[in-house]
1. Sort out the exposed loop trypsin sites (Lys or Arg not before Pro) in the chain (DSSP loop, at most 14 other Cβ within 10 Å) and tell me the longest stretch that has none.
2. What value, in deg cm²/dmol to 500, does the helix sum -39500 (n - 2.57) over DSSP H runs of n ≥ 4 give at 222 nm once divided by the residues of the chain?
3. May I ask what percent, to the nearest 5, of DSSP beta bridges between residues of the chain are antiparallel?
4. How about residue 276: which lysines have a C-alpha closer than 17 Å to its C-alpha, ignoring those fewer than 8 places off in the same chain?
5. Sorted by accessible area with a 1.4 angstrom probe, largest first, how do 126, 242, 164, 185 fall?
6. How much length would be gained if the chain were fully extended between residue 31 and residue 256, taking 0.36 nm per residue of separation minus their Cα-Cα distance, in nm to one decimal?
7. What order do 90, 67, 42, 268 take when sorted by accessible area (1.4 Å probe), most exposed first?
8. Give the Cα extents of the range 55-213 along the principal axes, in whole Å, largest first.
Amino acid sequence: MYNGAECLLLPPVPVSTFIKAADAVTRNNANWIPPHGSGALYLCPLLFGSGEGLGVKASNEAIFCIYCSPVGNYFKGGLKAIKLQAVKGYSRAAPGGSGSVKAGGNYAPAFLVQKKVWERGYDEALFLDAVSGEAIEEAGASNFFAVYPNNTIITPPLSSGTILPGVTRSSIIELAQNECGCTVLEKPLHISDLHGVVEAFCCGTGASITPVGSVNVHHGENEVDEKEPLNFVFGDGTNAGLVTKRLYQMLLDIQMGNGGNDALHKKYGKWVHIVKPIEEDDGSE
(Lines give C-alpha, C1' and ligand atoms only; values in the text may rest on other atoms or scores of the structure.)
Protein backbone atom coordinates (compact mmCIF):
# COMPACT_ATOMS: atom_id res chain seq x y z
CA MET A 1 0.00 0.00 0.00
CA TYR A 2 2.87 2.37 0.82
CA ASN A 3 4.46 1.89 -2.61
CA GLY A 4 1.08 2.17 -4.31
CA ALA A 5 0.35 5.45 -2.53
CA GLU A 6 3.60 6.94 -3.77
CA CYS A 7 2.93 5.75 -7.33
CA LEU A 8 -0.63 7.16 -7.37
CA LEU A 9 0.21 10.40 -5.52
CA LEU A 10 -1.78 9.53 -2.42
CA PRO A 11 -0.44 10.23 1.10
CA PRO A 12 1.32 7.05 2.31
CA VAL A 13 -0.12 5.57 5.50
CA PRO A 14 2.53 5.35 8.26
CA VAL A 15 3.31 1.76 9.30
CA SER A 16 2.36 2.52 12.92
CA THR A 17 -1.05 3.85 11.82
CA PHE A 18 -1.64 0.83 9.59
CA ILE A 19 -0.86 -1.65 12.39
CA LYS A 20 -2.97 0.28 14.92
CA ALA A 21 -5.95 0.26 12.52
CA ALA A 22 -5.54 -3.46 11.74
CA ASP A 23 -5.38 -4.25 15.46
CA ALA A 24 -8.50 -2.19 16.17
CA VAL A 25 -10.65 -3.73 13.44
CA THR A 26 -9.57 -7.23 14.45
CA ARG A 27 -10.30 -6.67 18.17
CA ASN A 28 -13.66 -5.07 17.52
CA ASN A 29 -14.73 -7.88 15.18
CA ALA A 30 -13.29 -10.76 17.20
CA ASN A 31 -16.72 -12.37 17.50
CA TRP A 32 -16.69 -12.89 13.73
CA ILE A 33 -13.43 -14.89 13.72
CA PRO A 34 -14.25 -18.49 12.70
CA PRO A 35 -13.23 -21.32 15.06
CA HIS A 36 -9.59 -22.36 14.79
CA GLY A 37 -8.98 -24.39 11.65
CA SER A 38 -12.27 -23.54 9.95
CA GLY A 39 -11.42 -20.19 8.38
CA ALA A 40 -10.09 -16.73 9.13
CA LEU A 41 -10.99 -13.07 9.46
CA TYR A 42 -9.94 -11.50 6.18
CA LEU A 43 -8.75 -7.89 6.37
CA CYS A 44 -8.85 -5.63 3.32
CA PRO A 45 -7.17 -2.20 3.65
CA LEU A 46 -8.24 0.58 1.29
CA LEU A 47 -6.74 3.97 0.47
CA PHE A 48 -8.59 6.16 -2.01
CA GLY A 49 -8.69 9.78 -3.08
CA SER A 50 -11.71 11.62 -1.70
CA GLY A 51 -11.10 15.26 -2.56
CA GLU A 52 -13.63 17.49 -4.31
CA GLY A 53 -13.28 18.08 -8.02
CA LEU A 54 -13.93 16.34 -11.34
CA GLY A 55 -10.58 17.06 -12.98
CA VAL A 56 -8.17 14.31 -14.00
CA LYS A 57 -5.59 14.96 -11.32
CA ALA A 58 -4.36 13.63 -8.01
CA SER A 59 -6.72 14.07 -5.08
CA ASN A 60 -5.75 16.52 -2.35
CA GLU A 61 -7.53 14.37 0.23
CA ALA A 62 -7.60 10.65 0.91
CA ILE A 63 -9.46 8.17 3.11
CA PHE A 64 -7.77 5.14 4.67
CA CYS A 65 -9.94 2.37 6.03
CA ILE A 66 -9.87 -1.36 6.70
CA TYR A 67 -12.87 -3.61 6.34
CA CYS A 68 -13.04 -7.24 7.34
CA SER A 69 -15.08 -10.35 6.70
CA PRO A 70 -15.05 -13.91 8.01
CA VAL A 71 -14.06 -16.42 5.32
CA GLY A 72 -14.10 -20.20 5.27
CA ASN A 73 -11.21 -22.44 4.32
CA TYR A 74 -10.20 -21.80 0.72
CA PHE A 75 -9.83 -25.53 0.01
CA LYS A 76 -12.83 -27.65 0.92
CA GLY A 77 -12.20 -31.37 0.73
CA GLY A 78 -8.45 -31.22 0.37
CA LEU A 79 -5.67 -29.45 -1.47
CA LYS A 80 -6.75 -29.94 -5.09
CA ALA A 81 -5.00 -28.55 -8.15
CA ILE A 82 -6.56 -25.93 -10.42
CA LYS A 83 -6.41 -25.59 -14.21
CA LEU A 84 -4.96 -22.41 -15.71
CA GLN A 85 -5.31 -21.05 -19.22
CA ALA A 86 -2.89 -18.57 -20.75
CA VAL A 87 -4.52 -16.45 -23.45
CA LYS A 88 -2.32 -14.98 -26.17
CA GLY A 89 -3.13 -11.36 -26.94
CA TYR A 90 -4.13 -10.47 -23.38
CA SER A 91 -1.80 -9.02 -20.75
CA ARG A 92 -2.36 -7.81 -17.20
CA ALA A 93 0.15 -4.94 -17.16
CA ALA A 94 2.83 -3.31 -19.31
CA PRO A 95 6.35 -2.10 -18.46
CA GLY A 96 6.34 1.45 -17.18
CA GLY A 97 2.83 1.16 -15.75
CA SER A 98 1.43 0.39 -12.31
CA GLY A 99 1.46 -3.41 -12.46
CA SER A 100 3.85 -3.69 -9.52
CA VAL A 101 1.61 -1.85 -7.03
CA LYS A 102 -1.61 -2.82 -5.31
CA ALA A 103 -4.13 -0.74 -7.25
CA GLY A 104 -7.76 -1.51 -7.96
CA GLY A 105 -7.29 -0.52 -11.59
CA ASN A 106 -4.92 -3.43 -12.11
CA TYR A 107 -7.67 -5.98 -11.57
CA ALA A 108 -10.64 -4.70 -13.57
CA PRO A 109 -8.98 -5.11 -17.01
CA ALA A 110 -8.57 -8.83 -16.25
CA PHE A 111 -12.27 -9.48 -15.65
CA LEU A 112 -13.20 -10.06 -19.30
CA VAL A 113 -10.48 -12.60 -20.04
CA GLN A 114 -11.14 -14.33 -16.71
CA LYS A 115 -14.81 -14.67 -17.63
CA LYS A 116 -13.91 -16.24 -20.98
CA VAL A 117 -11.42 -18.60 -19.33
CA TRP A 118 -14.08 -19.73 -16.85
CA GLU A 119 -16.55 -20.30 -19.69
CA ARG A 120 -14.01 -22.59 -21.34
CA GLY A 121 -13.83 -24.70 -18.18
CA TYR A 122 -10.66 -23.38 -16.56
CA ASP A 123 -10.28 -22.07 -13.02
CA GLU A 124 -8.14 -19.00 -13.62
CA ALA A 125 -6.26 -17.03 -16.28
CA LEU A 126 -2.48 -17.12 -16.52
CA PHE A 127 -1.28 -13.76 -17.77
CA LEU A 128 1.64 -13.35 -20.18
CA ASP A 129 3.87 -10.32 -20.67
CA ALA A 130 2.76 -7.47 -22.92
CA VAL A 131 5.99 -7.33 -24.93
CA SER A 132 6.64 -10.85 -26.22
CA GLY A 133 3.43 -12.61 -25.22
CA GLU A 134 5.52 -15.61 -24.16
CA ALA A 135 6.76 -14.84 -20.62
CA ILE A 136 4.58 -15.84 -17.68
CA GLU A 137 3.73 -13.08 -15.21
CA GLU A 138 0.87 -13.79 -12.80
CA ALA A 139 -2.10 -16.13 -12.42
CA GLY A 140 -5.14 -13.99 -11.73
CA ALA A 141 -4.07 -12.08 -8.63
CA SER A 142 -1.43 -14.63 -7.61
CA ASN A 143 2.29 -15.15 -8.13
CA PHE A 144 3.31 -18.24 -10.16
CA PHE A 145 5.99 -20.81 -9.27
CA ALA A 146 7.31 -23.77 -11.31
CA VAL A 147 9.12 -26.69 -9.65
CA TYR A 148 11.68 -28.75 -11.59
CA PRO A 149 12.99 -32.29 -10.85
CA ASN A 150 16.36 -31.04 -9.56
CA ASN A 151 14.70 -29.19 -6.64
CA THR A 152 14.89 -25.91 -8.52
CA ILE A 153 11.99 -23.47 -8.36
CA ILE A 154 11.56 -20.66 -10.87
CA THR A 155 9.28 -17.67 -10.37
CA PRO A 156 9.03 -14.59 -12.63
CA PRO A 157 11.22 -11.67 -11.45
CA LEU A 158 10.03 -8.38 -10.04
CA SER A 159 12.49 -6.46 -12.22
CA SER A 160 9.95 -6.19 -15.05
CA GLY A 161 7.92 -3.76 -12.94
CA THR A 162 4.71 -5.59 -13.90
CA ILE A 163 4.45 -8.13 -11.07
CA LEU A 164 3.14 -7.51 -7.56
CA PRO A 165 5.79 -8.24 -4.88
CA GLY A 166 3.45 -10.05 -2.49
CA VAL A 167 4.44 -10.89 1.09
CA THR A 168 3.30 -14.49 0.55
CA ARG A 169 5.67 -14.69 -2.42
CA SER A 170 8.66 -13.59 -0.35
CA SER A 171 7.66 -15.98 2.47
CA ILE A 172 7.50 -18.91 0.05
CA ILE A 173 10.92 -18.09 -1.38
CA GLU A 174 12.45 -17.98 2.11
CA LEU A 175 10.82 -21.24 3.23
CA ALA A 176 11.74 -23.06 0.01
CA GLN A 177 15.38 -22.05 0.32
CA ASN A 178 15.85 -22.46 4.06
CA GLU A 179 13.55 -25.38 4.92
CA CYS A 180 13.18 -27.41 1.73
CA GLY A 181 16.70 -27.09 0.37
CA CYS A 182 15.42 -25.72 -2.93
CA THR A 183 17.23 -23.38 -5.27
CA VAL A 184 14.85 -20.52 -6.06
CA LEU A 185 15.54 -18.53 -9.20
CA GLU A 186 13.76 -15.27 -9.90
CA LYS A 187 14.08 -15.09 -13.66
CA PRO A 188 11.91 -14.94 -16.79
CA LEU A 189 9.75 -18.04 -17.20
CA HIS A 190 8.41 -18.62 -20.69
CA ILE A 191 5.62 -20.91 -21.81
CA SER A 192 8.22 -23.15 -23.46
CA ASP A 193 9.98 -23.50 -20.08
CA LEU A 194 7.01 -25.46 -18.73
CA HIS A 195 8.35 -28.57 -20.46
CA GLY A 196 9.89 -30.64 -17.69
CA VAL A 197 8.05 -28.94 -14.81
CA VAL A 198 6.93 -31.54 -12.24
CA GLU A 199 4.89 -29.25 -9.97
CA ALA A 200 3.47 -25.75 -10.16
CA PHE A 201 1.60 -23.53 -7.74
CA CYS A 202 0.32 -20.00 -7.22
CA CYS A 203 0.44 -18.01 -4.03
CA GLY A 204 -1.43 -15.05 -2.61
CA THR A 205 -3.06 -13.73 0.55
CA GLY A 206 -6.43 -15.43 0.15
CA ALA A 207 -5.49 -18.95 -0.89
CA SER A 208 -1.99 -19.02 0.58
CA ILE A 209 -0.67 -21.68 -1.84
CA THR A 210 -2.80 -23.07 -4.67
CA PRO A 211 -1.55 -26.17 -6.55
CA VAL A 212 -1.66 -25.93 -10.34
CA GLY A 213 -2.42 -29.17 -12.18
CA SER A 214 -2.19 -27.93 -15.75
CA VAL A 215 -1.64 -24.95 -18.03
CA ASN A 216 -3.39 -24.65 -21.37
CA VAL A 217 -2.44 -22.05 -24.00
CA HIS A 218 -5.25 -20.40 -25.96
CA HIS A 219 -4.27 -18.39 -29.04
CA GLY A 220 -6.78 -15.59 -28.71
CA GLU A 221 -10.19 -14.88 -30.13
CA ASN A 222 -9.06 -13.55 -33.50
CA GLU A 223 -6.22 -15.94 -34.30
CA VAL A 224 -6.58 -19.14 -36.26
CA ASP A 225 -4.17 -21.59 -34.68
CA GLU A 226 -3.10 -24.39 -36.98
CA LYS A 227 -0.71 -25.88 -34.45
CA GLU A 228 -1.46 -28.53 -31.86
CA PRO A 229 -2.92 -26.86 -28.78
CA LEU A 230 -0.39 -26.58 -25.98
CA ASN A 231 -1.38 -28.26 -22.72
CA PHE A 232 1.09 -28.86 -19.89
CA VAL A 233 0.13 -31.27 -17.11
CA PHE A 234 2.07 -31.33 -13.84
CA GLY A 235 2.15 -34.57 -11.86
CA ASP A 236 -1.20 -36.32 -12.11
CA GLY A 237 -2.93 -33.00 -12.84
CA THR A 238 -5.17 -33.31 -9.79
CA ASN A 239 -3.17 -33.46 -6.59
CA ALA A 240 -0.53 -31.16 -5.12
CA GLY A 241 3.10 -32.20 -5.49
CA LEU A 242 5.39 -32.96 -2.54
CA VAL A 243 7.14 -29.57 -2.50
CA THR A 244 3.84 -27.72 -2.85
CA LYS A 245 2.25 -29.66 0.01
CA ARG A 246 5.24 -29.14 2.28
CA LEU A 247 5.37 -25.40 1.65
CA TYR A 248 1.61 -25.10 2.12
CA GLN A 249 1.67 -26.94 5.44
CA MET A 250 4.65 -24.99 6.80
CA LEU A 251 3.10 -21.64 5.92
CA LEU A 252 -0.25 -22.70 7.41
CA ASP A 253 1.39 -23.93 10.62
CA ILE A 254 3.22 -20.59 11.04
CA GLN A 255 0.10 -18.53 10.30
CA MET A 256 -2.23 -20.56 12.54
CA GLY A 257 0.21 -21.38 15.34
CA ASN A 258 -0.29 -25.10 14.83
CA GLY A 259 1.74 -27.27 17.21
CA GLY A 260 4.32 -29.92 16.46
CA ASN A 261 7.15 -27.77 15.14
CA ASP A 262 8.51 -25.48 17.82
CA ALA A 263 11.71 -24.81 15.87
CA LEU A 264 9.70 -23.50 12.91
CA HIS A 265 7.64 -21.18 15.11
CA LYS A 266 10.73 -19.88 16.88
CA LYS A 267 12.57 -19.23 13.61
CA TYR A 268 9.69 -17.45 11.88
CA GLY A 269 7.93 -15.96 14.89
CA LYS A 270 8.69 -12.47 13.55
CA TRP A 271 6.17 -13.12 10.77
CA VAL A 272 3.33 -13.36 13.30
CA HIS A 273 1.67 -10.32 14.87
CA ILE A 274 -0.39 -11.03 18.00
CA VAL A 275 -3.56 -9.00 18.54
CA LYS A 276 -4.68 -8.74 22.17
CA PRO A 277 -8.40 -9.29 22.86
CA ILE A 278 -10.26 -6.25 24.17
CA GLU A 279 -10.40 -7.64 27.70
CA GLU A 280 -6.60 -7.92 27.76
CA ASP A 281 -5.97 -4.43 26.42
CA ASP A 282 -3.76 -2.39 28.74
CA GLY A 283 -5.69 0.81 27.95
CA SER A 284 -2.73 2.60 26.40
CA GLU A 285 -4.64 3.61 23.26
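1. Result for the longest clean stretch: 121-226.
2. Theoretical 222 nm ellipticity from helices: -6500 deg cm²/dmol.
3. About 70 percent, rounded to the nearest 5.
4. Cross-link targets: 20.
5. 242, 185, 164, 126
6. 79.3 nm is the gain from fully extending residue 31 to residue 256.
7. Output order, biggest surface exposure first: 67, 42, 90, 268.
8. Sorted largest first, the three principal extents are 55, 39, 35 Å.
The values are calculated or read from the model by the stated rules, or taken from the named source; none is laboratory data. Here the structure is a predicted model, which is why all the values come from computation and not from measurement. No Cβ is skipped: glycine too gets one built from the backbone with ideal geometry, and neighbour counts run over all protein chains shown. Surface accessibility is based on the protein's heavy atoms, side chains included, excluding ligands, DNA and RNA. Shrake-Rupley method; radii C 1.70, N 1.55, O 1.52, S 1.80 Å.
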